[in-house]
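Structure first, then comments.
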Amino acid sequence: MRISIDATPLLLRSAGVKNYFYHWISHLRALAGSDSIATFPFSSAIGGLDHERSVASLPSTVAGLAALQFLNRSRLPWRTRADVFHASHLLRNPPRGALLSTTIHDMTCWLTPELHTPANVKAVKWFGERVMRRADGMIAVSESTRQDAIRILRLAPEKIAVIHHGVPDSFFGVSAEAVSAARGKYGLARPYALFVGTIEPRKNLGALLDAWAGLSGSTLEEFELVVAGPAGWRDQATLDRLQSDSASVRYLGYVAEADLPGLTAGATVFVYPSLYEGFGFPVAQAMAAGVPVLTSNVSSLPEIAGGAALLVDPRSIEEIRSGLDKLLSSPTLRQDLGRIGRTQAERFRWQACARKSLDFFRGLAG
């Protein structure tokens, strides 16, 4: 069977979706056997994962993005020799001649459009109406996302398979040396609570900063809040707060993928009060590293946490503050959540995701 995957997100600056395609394609190829996994619109080798730049060579990146723009603007019909073509949200003109599939990452552009740019909302909704409705099969990254897609777009339930994302092996069993190296590189002398994510409204970082500021003086002297993630969109006020001088908040900006396991495993707690997640990579990664997690009681996050996290209402600053206080003041609770979090995270291995995805493609092709 020939599978062609639209990998254009790998050519652009991106976070979670890029993470998905990078690890997913690599593990699909490792398990494919007699099946072939091609990437569109480039076929060169995939380099190291960097969320800030393309993973392909410069010529492949330029040619790939030019092909994407041409196909999207011209809307000319084109064909592929693949048996299954898996489209990303960036391709508005998928090919003919193959079964069509795609991944449903989340439904935020329908549920919380105010948290996105108007252009992004328009493009994603167009993709939902014109491509997802036409698809022969779809992968949803959580049951929560699957149910949202069925309800909002009235998609046929039998066409959507739930296949959770994976967590890189580097987050499981992080060494003490890796933790020490991350602490040294970023100058982290005190115990810290960690947030990892793009600085954008959906991540609800402003509420976290308010909750953190409400902790007792003794807690703020003992711990600091460390925020890792690049600047995103429509949240300049939060970015300004992060970049102002604060004795108890450290903003690291973008952290390279290689440093994240050590930085994550070194945290006393991981806090992620997002307003909506299709899956929630940072939560699964923190659990894999054995770090106790505080996260939201909405969207897919309870599903991914699976009872291994302290859940709070993300729109309640008081609940976030109280949850932080509870975790930071209770070593026993932190130990228990860290232990069961590791067990829960074992469900999210990239090998399992790739194996289920190959079964999905084979079932689609009959």
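The values are calculated or read from the model by the stated rules, or taken from the named source; none is laboratory data. From a predicted model like this one, the values you see are computed outputs, not experimental measurements. In this analysis, Cβ positions are derived from the backbone assuming ideal geometry, glycine residues included, and neighbour counts consider all displayed protein chains.
The residues in segment 8-47 that are outside any helix (DSSP H, G or I), without any contact (Cβ under 8 Å) to a residue 40 or more places away in the chain and either outside the structural domain of Asp106 (by TED's automatic domain parsing) or more than 17 Å from the chain's Cα centre (by Cα) (or both) can be counted, and the count is 12. Among residues of segment 95-110 being without any contact (Cβ under 8 Å) to a residue 60 or more places away in the chain and not in a loop (DSSP other than H, G, I, E, B), the one that is farthest from the chain's Cα centre (by Cα) is Arg96.
Here Ala119, Ala149, Ala82 are screened, and the one residue that is aliphatic (A, V, I, L, M), in contact with a Ser or Thr (Cβ under 7 Å, 6 or more places away or on another chain) and farther than 30 Å from Val249 by Cα is Ala82. Screening Leu205, Leu209, Leu215 for residues that are surrounded by 24 or more Cβ atoms within 10 Å (Cβ to Cβ), over 22 Å from Val141 (Cβ atoms) and among the hydrophobic types (A, V, I, L, M, F, W, C) leaves exactly one candidate, Leu205. Any residue that is assigned to a strand (DSSP E or B), assigned by TED's automatic domain parsing to the domain that holds Leu76 and buried (at least 19 other Cβ atoms within 10 Å of the Cβ) - is there at least one of those in segment 125-136? Within segment 125-136, not a single residue is assigned to a strand (DSSP E or B), assigned by TED's automatic domain parsing to the domain that holds Leu76 and buried (at least 19 other Cβ atoms within 10 Å of the Cβ). Within segment 292-307, if we keep just the residues that are in contact with a Leu (Cβ under 6 Å, 6 or more places away or on another chain) and in a loop (DSSP other than H, G, I, E, B), the residue that is surrounded by the most Cβ atoms within 10 Å (Cβ to Cβ) turns out to be Pro292.
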